[in-house]
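Asker: Once you've had a glance at the structure underneath, I'll fire off some questions.
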Amino acid sequence: MRSPLLLIATVLFAVAVSAEEYKRGPNGGLMLDVAGVDAELMTAGNTVTINVFVPNTAKPVPTDRFTAAALLVSGSNRETISLTPWGENSLKGDAKNPIAPDATITLTIKTAEEKSGQVKFKK
């Protein structure tokens with residue numbers, strides 16, 4: 001009796017976790033709310049860029065006092081990269097290798113207001 005209940009609970013949890021709804025950011029990237037800001041993920045080659053906006057708007061948020069890191073996972077490959085302020089409202093970092101199309105990117109971010117959070121993007 002326990003096994004079927006455990007299986008049902010596991011499936012329901014998995015559906016809830018995978019039901020994360022992505023918005024599209026002003027630059028066309030996947031966007032999620034984290035730490036009181038909207039974070040838009042952009043990737044190109046081996047570069048990860050996070051553009052930061054006021055929630056539900058296209059108004060940029062200055063990132064000069066933000067700190068962030070990204071965990072890139074594709075299959076058995078894992079790499080953590082530091083993201084540093086770049087431009088007006090972006091955080092940027094380079095991986096050792098090109099970012100795979102099936103990569104999962106987990107962003108850990110701390111804002112200038114000391115709010116912190118973590119979100120997972122699945123490309």
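Every number in this text was worked out from the coordinates using simple rules, so none of it is lab data. Here the structure is a predicted model, which means the values were calculated and not measured. Virtual Cβ from ideal backbone geometry, glycine too; neighbours counted across all protein chains shown.
Asker: Can you work out the Karplus-derived ³J(HN,Hα) for every residue in the stretch 99-116? Use 6.51 cos²θ - 1.76 cosθ + 1.60 with θ = phi - 60°, whole Hz, and x for glycine or proline.
Answerer: Working through the residues one at a time gives 7, 5, x, 9, 5, 9, 10, 9, 9, 10, 9, 10, 7, 5, 8, 6, 7, 10 Hz.
Asker: Another question, if that's okay. To the nearest 20 debye, what charge dipole does the stretch 21-122 have about its Cα centre, counting +1 at the Cβ of each Lys and Arg and -1 at the Cβ of each Asp and Glu?
Answerer: Dipole size: approximately 140 debye.
Asker: 7 Å from Cα along Cα→Cβ at both GLU113 and THR57: what's the point-to-point distance in nm?
Answerer: That separation, rounded to one decimal, is 1.2 nm.
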